Amino acid sequence: MLVNAYGAHAGDQPLQPLQITRRAPGAHDVQIDIAFCGICHSDLHQVRAEWQGTQFPCVPGHEIVGRVAAVGVHVHGFRPGDLVGIGCIVDSCKHCADCEDGLENYCDGMIGTYNFPTPDAPGWTLGGYSQQIVVHERYVLRIRHPEEQLAAVAPLLCAGITTYSPLRHWNVGPGKKVGVVGIGGLGHMGIKLAHALGAHVVAFTTSDAKREAALQLGADEVVVSRNAEEMAAHAKSFDLILNTVAAPHNLDAFLVLLKRDGTMTLVGAPATAHDSPNVFNLIMKRRTLAGSMIGGIAETQEMLDFCAEHGIVADIELVRADQINDSYERMLKGDVKYRFVIDNATLAG
Ligand code: NAP
Ligand code: ZN
């Protein structure tokens, strides 16, 4: 089946309308009419070939929400009309220790929603900047938010789970002091989620203009990270710092803010390396520098249900498909509050 999509033919070319093929749903597949798709900074890294191995044409998009259009004969969990989401994972080996633990995100055979090998044409997966997608039921998420919030739910499928998973893994809750570095798509969700989990939240931003907004998102305090005095006031005090920054920067400036046994986990994935941190900043207080990648399917469902229960959605700006390239430029300038979401109905044209 041919559907309309938006993608690029090369890393140095803008995204443009194109048509792609979706497979007919197999026995365990769910076919979804995509209503909205968030724009993640990873989409930009991948489609501009900043990371290794981008296959072209590349159709990004892994913050997908919509309605079930059809299901295969063995699908019992979903019915046509259901509100559902697809995040960053569309397949995995299903039998390794990671898959059995519900951590498909760490399966060596994980298939990402775009740019991963698939038997479907053209040989690699194509993402949510498209009218439809067909996915094995195991990777389909149920959305329990009211339908009018659907567009603002889309970013939960990547930005939400990528921040929720480490917050849960490192036991964030009442009595814990948590820093969130970078107030972009991921960071603004990190602030909302850490606040909802009951932590004391400090937002770190390079933009003085985001100070007030960060408090409204749920931060208890805001630090402009360029201000050494403001940074020093938080020395040796954090249990966890969640670092979402999409560019190389000085990690030591944040490591020294961790208390003994504190952890800074990196989720930002810049195309070029950070300078190595000073090992003494780790040794002296037994600090940990860690990483975390999205989250498993079960915990993604847990996060969606937690957000539905607490009335949490992303702060979004809805855009047409023909505004995607412009949205990328604005995202690079930090000119977004806090996630662009594509109205996929504008692909119909
Ligand atoms: P985004 O919306 O562009 O937000 C990134 C934020 O980082 C910016 O808003 C800005 O916040 C800050 N920042 C940007 N450049 C900076 C610089 N040079 N120095 C200091 N701060 C800077 O991006 P996103 O969609 O949240 O994604 C963030 C990163 O996470 C990307 O690299 C993306 O690929 C990665 N990611 C990783 C995973 C994973 O599984 N680990 C999942 C999704 C995305 P301020 O203006 O507040 O400073
Ligand atoms: Zn993403």
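What the table shows:
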{"read-out": "Residues of region 279-301 satisfying the condition of being part of a strand (DSSP E or B) and within 16 Å of ligand 2 (Cβ to nearest atom)", "value": "GLY291"}
{"read-out": "Given (1) of a type in the set (Ser, Thr, Tyr); (2) more than 16 Å from ligand 2 (Cβ to nearest atom); (3) surrounded by 14 or more Cβ atoms within 10 Å (Cβ to Cβ), number of the condition THR272 does not satisfy", "value": "(3)"}
{"read-out": "Qualifying residue in region 328-343 (condition: aromatic (Phe, Trp, Tyr), farther than 20 Å from LEU193 by Cα and away from ligand 2 (no atom under 16 Å from the Cβ))", "value": "no"}
{"read-out": "Criterion (more than 23 Å from GLY190 (Cβ to Cβ) and touching a residue at least 60 places away in the same chain (Cβ under 8 Å)) met by exactly one of ALA348, ALA308, ALA298", "value": "ALA348"}
{"read-out": "Test: residue in region 144-151 that is under 24 Å from PRO57 (Cα atoms) and in the same structural domain as GLN31 (by TED's automatic domain parsing)", "value": "no"}
{"read-out": "Qualifying position, being more than 9 Å from ligand 1 (Cβ to nearest atom) and closer than 18 Å to SER292 by Cα, among LEU193, LEU150, LEU197", "value": "LEU193"}
{"read-out": "Filtered residues of region 220-247 (kept if assigned to a loop (DSSP other than H, G, I, E, B) and over 20 Å from the mean Cα position of the chain (by Cα))", "value": "ASP220, SER225, ARG226, ASN227, ALA233, HIS234, ALA235, LYS236, SER237"}
{"read-out": "Failed item, numbered, when LEU215 is tested on (1) near ligand 1 (Cβ under 8 Å from one of its atoms); (2) farther than 24 Å from ASP252 by Cα", "value": "(1)"}
{"read-out": "Any chance GLU63 is open to solvent by less than 40 Å² (accessible area, probe 1.4 Å), within 18 Å of the chain's Cα centre (by Cα) and among the charged types (D, E, K, R)", "value": "yes"}
{"read-out": "Selection within region 302-314 - open to solvent by less than 20 Å² (accessible area, probe 1.4 Å) and more than 16 Å from ligand 2 (Cβ to nearest atom)", "value": "CYS307, ILE312"}
{"read-out": "Neighbours by Cβ (under 6 Å, 6+ apart or cross-chain): first from region 24-50, among the aromatic types (Phe, Trp, Tyr) and crowded, with 19+ Cβ neighbours inside 10 Å; second assigned to a strand (DSSP E or B) and at pLDDT 95 or above", "value": "PHE36/VAL65; PHE36/VAL341"}
{"read-out": "Selection status of THR113, within 16 Å of ligand 1 (Cβ to nearest atom), in contact (Cβ under 8 Å) with a residue 60 or more places away in the chain and under 18 Å from SER42 (Cα atoms)", "value": "no"}
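For every residue, the table says whether it meets (1) in contact with a strand residue (DSSP E or B) (Cβ under 7 Å, 6 or more places away or on another chain); (2) under 25 Å from ASP305 (Cβ atoms).
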{"residue": "VAL65", "(1), (2)": "yes, yes"}
{"residue": "ASP82", "(1), (2)": "yes, yes"}
{"residue": "ASP91", "(1), (2)": "yes, yes"}
{"residue": "GLU104", "(1), (2)": "yes, yes"}
{"residue": "ASN115", "(1), (2)": "yes, no"}
{"residue": "ASP120", "(1), (2)": "no, no"}
{"residue": "TRP124", "(1), (2)": "yes, no"}
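The values are calculated or read from the model by the stated rules, or taken from the named source; none is laboratory data. Treat the numbers as computed from the prediction; the structure is a model and nothing was measured. Backbone-built Cβ (ideal geometry, glycine too); neighbour counts: all protein chains shown. These accessible areas exclude ligands, DNA and RNA; they are computed on the full protein's heavy atoms, side chains included. Shrake-Rupley method; radii C 1.70, N 1.55, O 1.52, S 1.80 Å.
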